[in-house]
1. Output the residues of the stretch B:189-204 meeting this criterion: accessible area (heavy atoms, 1.4 Å probe) in the chain alone minus accessible area with all protein chains in place is 20 Å² or greater.
2. Please average, across the residues of B:72-84, the number of beta carbons from any other chain that are within 10 Å of each residue's own beta carbon, and give a whole number.
3. Give me the distance in nm between label points sitting 7 Å out from Cα along the Cα-to-Cβ direction at B:Glu104 and B:Arg116, one decimal.
4. Hey, can you find the accessible area per residue of the protein assembly as shown for me, probe 1.4 Å, expressed in square angstrom?
5. Considering every Cα-Cα pair within the stretch B:49-94, what fraction, in whole percent, is farther apart than 18 Å?
6. If you plug each phi of the stretch A:233-239 into the Karplus form 6.51 cos²θ - 1.76 cosθ + 1.60 with θ = phi - 60°, what whole-Hz ³J(HN,Hα) values come out, in order, with x for Gly and Pro?
7. Rounded, prolate or oblate, given the Cα gyration tensor of the stretch A:134-250, with a/c below 1.5 counting as rounded?
8. Could you point to the residue in B:Leu69, B:Gln29, B:Asn55 farthest towards the positive end of the stretch B:10-91's charge dipole, with +1 and -1 charges on the Cβ of Lys/Arg and Asp/Glu respectively?
Number of protein chains: 2
Amino acid sequence: MTSENAARPAARRLRADRARQVADVLRRQVLDEVYKAGPLPHEERLAEEFGASRNTVREALDLLRGEGLVRRVPGAGTLVVAEKVPHGLDRLAGLAETLHEHGEVVNEVRAFGPVRAPGPVARRFGLPDGADVFYVERLRRLNGLPLSLDLTYLAPDVGAALDPAELAHRDVFRLIEEAAGQPLGHADISLEAVNADPHSATVLEVPRGAALLMLERLTRLADGRPVDLEYVRFRGDRLTMRGRLLRDLP
Amino acid sequence: MTSENAARPAARRLRADRARQVADVLRRQVLDEVYKAGPLPHEERLAEEFGASRNTVREALDLLRGEGLVRRVPGAGTLVVAEKVPHGLDRLAGLAETLHEHGEVVNEVRAFGPVRAPGPVARRFGLPDGADVFYVERLRRLNGLPLSLDLTYLAPDVGAALDPAELAHRDVFRLIEEAAGQPLGHADISLEAVNADPHSATVLEVPRGAALLMLERLTRLADGRPVDLEYVRFRGDRLTMRGRLLRDLP
């Protein structure tokens, strides 16, 4: 089948395949705020730019509407409605540090205090089973809109030194560095896409099943000690992770 | 509200909040194949490990079932059914290179040939508007199961040098390096979580709306020339991105 499909001319491809192609390129234009100032160009203009039919362009715009990036407004055309912010993958930084150009991050603290560490958490921290850790849960908003729900386990000494009043406006990273008297070193991260369960969807104010970017991050101090284990659900329609990969590590 | 919530004892939190906490820690256990060999421990054992009620553990397992990671088998308990593979965020590598320990990557070539570059694509390559680029579309399978749908634009000289027969079993990265006579240099990436549109869902064999990890990647040769612009939809239930972030860049 490979050679037959490979030879299939682009013109004879399904419109859904063509619409996906157009949507993927347009998505970047939308996210990079190329069209932020006003409506997207008319369908006819986009059809020309993409060498596609108007029907294909319309279907591509439907895909981006489905992602919550654009909205069709009668009489005004297609408008960008997303406020999707970039989060760097190149450097270990807190959300407020990362997004300071994009607005104010405010954290609603949903839980704060010592808890008995679940076995797997204790082991990640190198603590004995049954040890206490510090648990912090925050709903994080950017300019008033929910951006992420963060579940955070902290090493007990670091957690106990935190002032809960500071958590509303400051990143945990900075507070840890102050509490520990040394900078952070590195973090191991995992990124996944998951569908929002009903309760998380309610908290993040998204439809049930909305795509979330799920980050697990174990952060260590400069001396190597693990102090911060986080499980972060970012709203998929509000955040992009960006970074640079090198073919060969330096 | 912050201080009131902050003081709320963990025991009085909603069961949904507690279930999310348990699920997030369990997810890693499942993905790291801690429980791969057999069923998960009994609910009672997990309840003890997590200091949670059995009802909370049951709800946590329901969340992981919703993500397609585990399945409840009457008489056998809860089994891990996910085959989720890690993709490195630390180094620029192709899928087959990255996953060689996990099985065989086979690519079904859905489109292959020159196309007129959409305006934004031409500009990313530094080509004049209306220039041709090479378009390749592949459905990529790992051990027979769909893993990703890759839409790839290649610089015209690089694309024209490709042998379509090679694309079924080899990474584009290696083929580009052979065609260009030099190694790749670096890539700028964006990662997002999106819900699968109906057609992409059909191609990837996931339910409509399933969470996908969407990667955009512009890859350059060692000499800095952009040669490969890709839009990759990874199945959220089959892939984790993993990497390490440093607090300060070296």
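The values are calculated or read from the model by the stated rules, or taken from the named source; none is laboratory data. Keep in mind that this is a model prediction, so the values were computed, not measured. As a convention, Cβ positions derive from the backbone with ideal geometry for all residues, glycine included, and neighbour counts pool all protein chains shown. Note: areas computed on protein heavy atoms with side chains; ligands, DNA, RNA excluded. Shrake-Rupley method; radii C 1.70, N 1.55, O 1.52, S 1.80 Å.
1. Going by heavy-atom accessible area, the residues of the stretch B:189-204 that drop by at least 20 Å² are B:Ile189, B:Ser190, B:Leu191, B:Glu192, B:Ala193, B:Val194, B:Asn195, B:Asp197, B:His199.
2. Details: counts 0, 0, 0, 0, 0, 0, 0, 0, 0, 0, 0, 0, 2.
That works out to 0 on average.
3. Taking the simple label geometry, B:Glu104 and B:Arg116 are separated by 4.2 nm.
4. Numbers: 19920 Å² over 500 residues.
Computed with neighbouring chains in place, this is 40 Å² per residue.
5. Details: 499 of 1035 pairs.
Summing the P(r) tail past 18 Å for the stretch B:49-94 gives 48 percent.
6. Ordered by residue, 3J(HN,Hα) equals 9, 8, 5, x, 8, 10, 8 Hz.
7. On the way: a/c = 2.13, a/b = 1.25, b/c = 1.70.
It comes out oblate by the Cα gyration axes.
8. Farthest along the dipole direction, towards plus: B:Asn55.
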